[in-house]
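Data block below; observations after.
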Amino acid sequence: MTAARFIPLDFRERPAAEMRERAALFSELMRRRRTVRHFDSRPIPDGVIEHALITAGSAPSGANRQPWHFVVVSDPAKKAAIREAAEKEEREFYSRRASKEWLEALEPLGTDADKPFLATAPVLIAIFLRRFNFDADAKRLKNYYTAESVGIATGMLIAALHNAGVATLTHTPSPMRFLNDLLDRPPHERAFVLLVAGYPSRDAVVPEIGKYPLDELASFV
Ligand code: IYR
């Protein structure tokens, strides 16, 4: 990219009361987001995922390198292959790789190595982190703050999907190399999160867990 021109900022200032109201309404909306592990197979209406991805792509990133790539998987055969590969890693994780401390931390969530939702949910969004970009002459361009940038974009994607009425699960089978092979992504991209998206099944349940209240999660100095 060449030197940016500067243009006037398009910023809408709002009255204080409207700011408070919008902040409270958004907080209430986001408080109802839950990580879902029981999905229905009904498809997501056209355009919803696309708009949410455009939102994610508007995230701030180190040097505006936008070090991400999103692969939207809806092909049943691809989803089945991802499920099979992920469950293989998860069986290893739950039976050998995970420490006792880690397994204890996961207990309240009730997770195990079975990941049927990877085949049931209508959409899996594999989010890749790009360690490098390539310029027009195929020269490597280093990216900066890649994990921070992709983390922010992922958060915005989750919020955008929730706002549109789509439930998600941030799934991180580890290691996730198999996603490069199955989805044909180059080696300088690393799978960051596999986001499962869709409608919750009618009998979906979620663990009864809480979030820190404001006075614990933040300090004002
Ligand atoms: N990836 C495993 C284990 C797991 C790890 C964490 I940290 C979680 O918050 C949830 C699950 C799995 O998906 O089961």
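Dipole magnitude for the stretch 118-221: computed about the Cα centre from +1 point charges on Lys and Arg Cβ and -1 point charges on Asp and Glu Cβ, it is near 380 debye. Taking a ≥ b ≥ c as the square roots of the eigenvalues of the alpha-carbon gyration tensor, the stretch 2-106 is classed prolate because a/c is 1.5 or more and a/b outweighs b/c. Taking a ≥ b ≥ c as the square roots of the eigenvalues of the Cα gyration tensor, an a/c ratio of 1.5 or more together with a/b no larger than b/c marks the chain as oblate.
By definition, a body whose alpha carbon gyration tensor gives a ≥ b ≥ c is oblate when a/c is 1.5 or more and a/b is not larger than b/c, and the stretch 103-221 fits this oblate description.
Using only the C-alpha atoms of the stretch 158-210, find the volume of their convex hull and express it per residue in Å³.
137 Å³
What percent does the relative contact order of the chain come to when contacts are Cα pairs within less than 8 Å and at least six residues apart? 32 percent.
Solvent-accessible surface (1.4 Å probe) assigned to residue 137 amounts to roughly 130 Å². Sites listed here are trypsin sites (Lys or Arg not before Pro) in the stretch 79-141 whose DSSP assignment is loop and whose Cβ has at most 14 other Cβ atoms within 10 Å: 131, 139. Under 11 Å from a label point 7 Å along Cα→Cβ of residue 120: give me every residue in the stretch 31-58 with its amide N that close. Inside the label zone: 37-42. When +1 charges are put on Lys and Arg Cβ atoms and -1 charges on Asp and Glu Cβ atoms, the dipole computed for the chain relative to its Cα centre reaches about 460 debye.
Each of 49, 176, 9 was scored by the projection of its Cα onto the charge dipole of the chain, and the greatest displacement toward the positive side belongs to 9; charges sit on the C-beta of Lys, Arg, Asp and Glu. Just to confirm my numbers, what's the Cα centroid distance between the stretch 172-206 and the stretch 49-69 in Å? That distance is 18 Å. Summing Lys and Arg as +1 and Asp and Glu as -1 over all other residues whose Cβ lies under 11 Å from the Cβ of residue 111 gives a net charge of -2. Note on residue 98 and residue 18: the model spin-label points, each 7 Å out from Cα along the C-beta direction, lie 4.8 nm apart.
Simple rule: put +1 on each Lys or Arg Cβ and -1 on each Asp or Glu Cβ in the chain, find the dipole, and look at 59, 221, 35; the Cα lying farthest toward the positive end is 59.
Sparsely packed loop sites in the stretch 1-109 (the chymotrypsin sites (Phe, Trp or Tyr not before Pro) outside DSSP H, G, I, E and B with at most 13 other Cβ atoms within 10 Å) comprise 6, 11. Between the listed residues 149, 123, 134, the Cα displaced farthest toward the positive end of the dipole of the stretch 94-168, a dipole computed from Cβ unit charges relative to the Cα centre, is found at 134. In the calculated pair-distance distribution of the stretch 105-150, the portion above 18 angstrom amounts to 61 percent of the Cα-Cα pairs.
The values are calculated or read from the model by the stated rules, or taken from the named source; none is laboratory data. Predicted model, so just to flag it, every value in this text is computed and none were measured. Cβ sites come from the backbone with ideal geometry, for glycine too, and all protein chains shown count toward neighbours. Protein only, heavy atoms only, side chains kept; ligands, DNA and RNA dropped before computing areas. Shrake-Rupley method; radii C 1.70, N 1.55, O 1.52, S 1.80 Å.
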